[in-house]
Amino acid sequence: MKRILYLFAAFILLLGCGGGKSTYVVKQYIPEYSPPVVAGLQRVDEAIRVEPFSTAQAFAGTAMVFRPSPFELASYSRERWRVMPGDMVTDFLLRDLRSSGSYKAVLAWEDPGEGRYVLAGTVAEFLETDGDKGLAARLTADVTLLDTTRREIPQRIVFQKTYAVEEAMKQKSARALAEAMSGAMKKFSGSLMADIHRAIGEAKAAKAP
């Protein structure tokens, strides 16, 4: 009887170790949206370089983070962003600025050539929140635009600003978070593009005789 029990236990162990294939699949998401169209952007005969945006340590990974309660962060177990938030934001800003056709050139950090203006920043928040207005995707970024032709560091700062954007989610799921984050990214990109163009225009007007 004991031998039969031992054989049965061994059979169950074999089934658990290699008797079947795992069905665990991790889905990967990335925002999708068309480049924002900002009215009134005239072409500027300047080049702008976009440096890679860094990511705050709390979100420095591919986890799709949500806040279930104050002081607590969690993430979806079987869903991930395709790349880190800072990398996604950098890629979309490059695409959107180039799509606007408002500059002589929009350069990535690895592109040859120099740009008078340099855009840099940090993604401070990239998560799902559940506040008074319900579920929403929240994107917060600290952005600095620099003029490299200025000698003194304080004078190089054309503007520095924190952007905080939220977009309502249709339901609680990783896909809904990706969809809402797409809307938040489009709003952020459009606002930033307008501010960059306005700041460069004001800087050029201030230097004009």
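The values are calculated or read from the model by the stated rules, or taken from the named source; none is laboratory data. Computed from a prediction, not measured in an experiment: that's the story for all the values here. FYI the Cβ positions are ideal-geometry reconstructions off the backbone, even for glycines, and counts take in every protein chain you see. Please note that ligands, DNA and RNA were not included when accessible areas were found on the heavy atoms of the full protein model with its side chains. Shrake-Rupley method; radii C 1.70, N 1.55, O 1.52, S 1.80 Å.
Below are the figures for this structure:
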item: Qualifying residue in segment 104-112 (condition: over 18 Å from residue 169 (Cα atoms) and of a type in the set (Phe, Trp, Tyr)); result: yes
item: Test for residue 188: is it in a strand (DSSP E or B) and of a type in the set (Phe, Trp, Tyr); result: no
item: Cβ pairs under 8 Å, 6+ apart, first in segment 49-69 and among the acidic types (Asp, Glu), second open to solvent by 20 Å² or more (accessible area, probe 1.4 Å) and assigned to a loop (DSSP other than H, G, I, E, B); result: 51/109
item: Any pair with Cβ under 8 angstrom, 6 or more apart, that starts in segment 165-190 at a residue that is over 11 Å from residue 134 (Cβ atoms) and ends at one that is open to solvent by 50 Å² or more (accessible area, probe 1.4 Å) and in a helix (DSSP H, G or I); result: 165/187; 165/191; 167/187
item: Filter result for residue 175 (more than 26 Å from residue 40 (Cβ to Cβ), open to solvent by 30 Å² or more (accessible area, probe 1.4 Å), over 23 Å from the mean Cα position of the chain (by Cα) and not small (Gly, Ala, Ser)); result: no
item: Check on residue 143, of a type outside the set (S, T, N, Q), in a strand (DSSP E or B), touching a strand residue (DSSP E or B) at 6+ places or on another chain (Cβ under 8 Å) and open to solvent by less than 20 Å² (accessible area, probe 1.4 Å); result: yes
item: Any hit, segment 164-175, residues being more than 20 Å from residue 76 (Cα to Cα) and in a strand (DSSP E or B); result: yes
item: Boolean, residue 168 is at pLDDT 95 or above, aliphatic (A, V, I, L, M) and touching an Asp or Glu at 6+ places or on another chain (Cβ under 9 Å); result: no
item: Failed condition for residue 168, given (1) under 20 Å from residue 54 (Cβ atoms); (2) open to solvent by 10 Å² or more (accessible area, probe 1.4 Å); (3) small (Gly, Ala, Ser); result: (1)
item: Criterion (of a type in the set (Val, Ile, Thr), over 16 Å from residue 137 (Cα atoms), out of contact with any Phe, Trp or Tyr (no Cβ under 6 Å at 6 or more places or on another chain) and open to solvent by 30 Å² or more (accessible area, probe 1.4 Å)) met by exactly one of 83, 50; result: 83
